[in-house]
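Asks: Quick one: the structure is below, questions incoming.
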Amino acid sequence: MYADQTHVMPQPWHARTRGYKMVVMLRIKRVYEAAVPADGFRVLVDRLWPRGVTKARAAVDLWAKSVAPSTELRRWWGHDPATFPEFARRYRAELDGDDLTAIRAAMRDHDQVTLLYAAHDPAVNHAVVLRDYLTQADSDSPDSA
């Protein structure tokens, strides 16, 4: 994989901590790629454990399966690139009602957070939507100014 591909480009996330703003790098990566120190805190964002990956090899710090798309939405979408925009809209609606406390805490407590996913396509998967949702939600918050 090349460092300049969309799926590994880090996204800054701004957090308020003790009155000052810090930038957290939030990126996404396939769980099948080797863990490296630059990944920082590794969060698996799939509802199901990735096939053929041991817990040791995955090096997951947090399994946030509750933020993965619902089973119904995942089945409806079927990873069809043609329906990705509608999938993204529906998934963001699900995220509006989800408890993102664990991921937000990781983002607050770590300089680098990597969201791990098992999907094959690095540009058309739910982790892309989740990363963008988290970074957009922060930039819309009053604290981000």
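Throughout, read-outs are computed from the coordinates displayed, never taken from laboratory work. Remember, it's a predicted structure, so these values are computed and weren't measured experimentally.
Asks: Starting at the first residue of region 44-55, write each ³J(HN,Hα) from the Karplus equation 6.51 cos²θ - 1.76 cosθ + 1.60 with θ = phi - 60°, in whole Hz, x for Gly and Pro.
Replies: Per-residue couplings from phi come out as 7, 10, 9, 6, 10, 5, x, 4, x, 10, 6, 4 Hz.
Asks: Here is a follow-up. List every residue whose amide H lies under 5 Å from the amide H of Arg42, counting only residues 5 or more places away in sequence or on a different chain, with H placed 1.01 Å from N in the peptide plane.
Replies: Amide H to amide H, under 5 Å and 5 or more residues apart or across chains, Arg42 pairs with Asp61, Leu62, Thr114.
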